[in-house]
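Take a look at this one; I'll ask things after.
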Amino acid sequence: MFQKAKIEEYESWIKNNVFKFLRRKDLPAKLENFVTGRWVLVVKRDKTGAFVKCKARWVLRGFLDKQRYQQQTDSPTATRPGIRFACQFSVNNNYEFGHIDLRTAFLQGEEYDWSRDVVCQLPPEAGLPAHIGARLRKPAYGMNDAPRRWWNRIDASVRQYGMVSTRADRCLYVYYDNDSKSEGKQSSKSNPPKRQNETQDYSELIENFMNTMLDPVNGSPAKGRKAIGLMVLHVDDLFITGSKKFWDEVVTKLKKDYQVGSEDKGDVVFTGQRIRKQGIPIVLDQDKAIEELSEIQFDKTLTDTMTCPPSLHTEYRSVLGALNWLQSRTQYAAAYKFGRAASAAAAPTIADVKALNTIVRA
């Protein structure tokens, strides 16, 4: 299955026109910017942990790219408040929500111009003779500028569909119904919150907050326009919620322009969090990630002051990484103790391992 996945990966490079073939005789004796690659193999599982497929990525060693420091490499991704905001918007309006995963995202970024010159190694599965090489037309997995060039393209597409970024999050896009006005709803600028000694309905506070955060980043406020759809972008994952009109006018265009790897509705996994609908409320958790946590096993006769050997140090950092993903998303109660454990990551002792195990048990 991995062999089949490797062939499919190479075919996706060809389909997306990532490179062009070069004959060795057309290249200088010493390549100025040559980047090698390696396979990264992953077993994909669904939200219940069941096996889905074997996945293969040909990843270039971007640290060998001599032009890497000349490229823009930053790329926005969805924030935790942005994801929560989209969930709240779905609940407030009882809108359907779903998740879309776009295939081979980094192979679909902006193309290189004449100033970008990278010759890359192709996978052995390509079966090419030794005198054939490849020059990149666009970034691929492992290249430092791949995330930014992909984001530039998907961001331009989403805005072309009529969506705009919000004040809440650069990767949270809102779609307005330009054919109708929001009745009885005003911007928080014209309807400020009441003073502390005045009573105000909780739902009105939420509505004022939502109206403020749904304003575009640039330009005037919403001006009474009704928001009928939200899209949260995290690299190649999209969390989408909105009315039927929004799904028909925006999501349909997205599916037409990009290859969809998977799509779920009502019960999805987005950035490691499971989001599912139970009646009107939406439940967001990381129960599966918590169940996969396990304590670090070590020799109980070791003293607390002893520094961890390399193998134990590696396991310490692995568990620390898993906890970081949890405490930054849902398990906020562990944030302080996690910070203490993270401060010892450079040279942890047995006492630090015991403290980390305490967090895992909690």
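Starting from residues that are aliphatic (A, V, I, L, M) and free of Cβ contacts under 8 Å to residues at least 60 places away in the same chain, keep the ones in region 278-310 and report whichever is nearest to Val91 (Cα to Cα).
Taking region 278-310 and keeping what is aliphatic (A, V, I, L, M), we get 280, 282-284, 289-290, 293, 296, 302, 306.
Of the ones still in play, those that are also free of Cβ contacts under 8 Å to residues at least 60 places away in the same chain are 283, 289-290, 302, 306.
Numbers: Val283: 10, Ala289: 25, Ile290: 26, Leu302: 52, Met306: 52 Å.
By that ranking, first place goes to Val283.
Right, something else. Out of the residues in region 322-362 meeting the condition of being closer than 26 Å to Ala78 by Cα, of a type in the set (A, V, I, L, M, F, W, C) and open to solvent by 60 Å² or more (accessible area, probe 1.4 Å), tell me which one is nearest to the chain's Cα centre (by Cα). Please lay out each step first, then the result.
If we filter region 322-362 for residues that are closer than 26 Å to Ala78 by Cα, which is where we start, we get 322-339, 342.
Narrowing the set further to residues that are of a type in the set (A, V, I, L, M, F, W, C) leaves 322-323, 325-326, 333-335, 338, 342.
Now drop any that are not open to solvent by 60 Å² or more (accessible area, probe 1.4 Å), which leaves 325, 333.
Numbers: Trp325: 13, Ala333: 24 Å.
Applying the filter and picking the extreme gives Trp325.
Taking interchain pairs and intrachain pairs at least six residues apart, which have beta carbon atoms under 7 angstrom, with the first residue in region 33-47 and in contact (Cβ under 8 Å) with a residue 12 or more places away in the chain and surrounded by 15 or more Cβ atoms within 10 Å (Cβ to Cβ) and the second assigned to a loop (DSSP other than H, G, I, E, B) and of a type in the set (A, V, I, L, M, F, W, C)?
Correct list of pairs: Asn33/Val118; Val35/Val118.
Tell me yes or no: at least one residue of region 111-128 is under 30 Å from Asp287 (Cβ atoms), assigned to a loop (DSSP other than H, G, I, E, B) and open to solvent by less than 40 Å² (accessible area, probe 1.4 Å).
no
Looking for something surrounded by fewer than 17 Cβ atoms within 10 Å (Cβ to Cβ) and either in a strand (DSSP E or B) or at pLDDT 65 or above (or both) - is there at least one such residue anywhere in region 186-199? Step through it out loud before you land on a result.
Just the residues of region 186-199 that are surrounded by fewer than 17 Cβ atoms within 10 Å (Cβ to Cβ), to begin with: 186, 189-199.
Now drop any that are not either in a strand (DSSP E or B) or at pLDDT 65 or above (or both), which leaves none.
The answer is no; no qualifying residue exists.
Between Asp215, Asp169, Asp237, which is closer than 30 Å to Arg116 by Cα and either of a type in the set (Asp, Glu) or modelled with pLDDT under 90 (or both)?
Going through Asp215, Asp169, Asp237 in turn, just one is closer than 30 Å to Arg116 by Cα and either of a type in the set (Asp, Glu) or modelled with pLDDT under 90 (or both): Asp237.
Failed condition for Thr314, given (1) farther than 25 Å from Arg84 by Cβ; (2) in contact with a helix residue (DSSP H, G or I) (Cβ under 9 Å, 6 or more places away or on another chain), with all others met?
(2)
Tally the residues that are open to solvent by less than 30 Å² (accessible area, probe 1.4 Å) and more than 27 Å from Tyr10 (Cβ to Cβ), restricting the search to region 96-110.
3
Residue under question is Glu96, and the condition is that it be of a type in the set (Asp, Glu), out of contact with any helix residue (DSSP H, G or I) (no Cβ under 7 Å at 6 or more places or on another chain) and touching a residue at least 60 places away in the same chain (Cβ under 8 Å); does it hold?
Working: of a type in the set (Asp, Glu): yes; out of contact with any helix residue (DSSP H, G or I) (no Cβ under 7 Å at 6 or more places or on another chain): yes; touching a residue at least 60 places away in the same chain (Cβ under 8 Å): yes.
When the stated conditions are applied, Glu96 passes them.
What residue, among those in region 278-307 that are aliphatic (A, V, I, L, M) and open to solvent by 70 Å² or more (accessible area, probe 1.4 Å), is farthest from Cys87 (Cα to Cα)? Steps first, answer last, please.
Keep residues of region 278-307 that are aliphatic (A, V, I, L, M), which gives 280, 282-284, 289-290, 293, 296, 302, 306.
The next check asks that each one be open to solvent by 70 Å² or more (accessible area, probe 1.4 Å); those that pass are 280, 306.
Details: Ile280: 11, Met306: 47 Å.
So, considering only residues that are aliphatic (A, V, I, L, M) and open to solvent by 70 Å² or more (accessible area, probe 1.4 Å), the one farthest from Cys87 (Cα to Cα) is Met306.
Looking only at region 154-168, which residues are under 19 Å from the mean Cα position of the chain (by Cα) and surrounded by fewer than 16 Cβ atoms within 10 Å (Cβ to Cβ)?
If the condition is that a residue be under 19 Å from the mean Cα position of the chain (by Cα) and surrounded by fewer than 16 Cβ atoms within 10 Å (Cβ to Cβ), then Ala156, Ser157, Arg159 are the ones that fit.
Report the residue count in region 112-127 for those that are out of contact with any Gly (no Cβ under 6 Å at 6 or more places or on another chain) and either modelled with pLDDT of 90 or more or among the β-branched types (Val, Ile, Thr) (or both).
Number satisfying all stated conditions: 2.
Return the pairs, sorted by first residue and then second, in which the second residue is of a type in the set (S, T, N, Q) and open to solvent by less than 40 Å² (accessible area, probe 1.4 Å), the first residue lies in region 311-330 and is over 15 Å from Ala362 (Cβ atoms), the beta carbons are less than 9 Å apart, and the residues are 6+ apart or on different chains.
If the second residue must be of a type in the set (S, T, N, Q) and open to solvent by less than 40 Å² (accessible area, probe 1.4 Å), the pairs left are Trp325/Gln286; Arg329/Thr271; Arg329/Gln273; Arg329/Gln286.
Rundown of residues vs (1) of a type outside the set (Lys, Arg); (2) in contact with a Phe, Trp or Tyr (Cβ under 8 Å, 6 or more places away or on another chain); (3) under 30 Å from Gly279 (Cβ atoms), yes/no style:
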site	(1), (2), (3)
Arg84	no, no, yes
Tyr95	yes, yes, yes
Gln108	yes, yes, no
Arg116	no, no, no
Leu136	yes, yes, no
Tyr141	yes, yes, no
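Considering only residues that are at pLDDT 90 or above and out of contact with any Ser or Thr (no Cβ under 7 Å at 6 or more places or on another chain), which ones fall in region 218-234?
Met231, Val232, Leu233
The values are calculated or read from the model by the stated rules, or taken from the named source; none is laboratory data. Since the model is a prediction, treat every value here as computed from it, not as a measurement. Glycine also receives a Cβ, built like all others from the backbone with ideal geometry; neighbour counts cover every protein chain displayed. We work out accessible area using only protein heavy atoms, side chains counted, and drop any ligands, DNA or RNA first. Shrake-Rupley method; radii C 1.70, N 1.55, O 1.52, S 1.80 Å.
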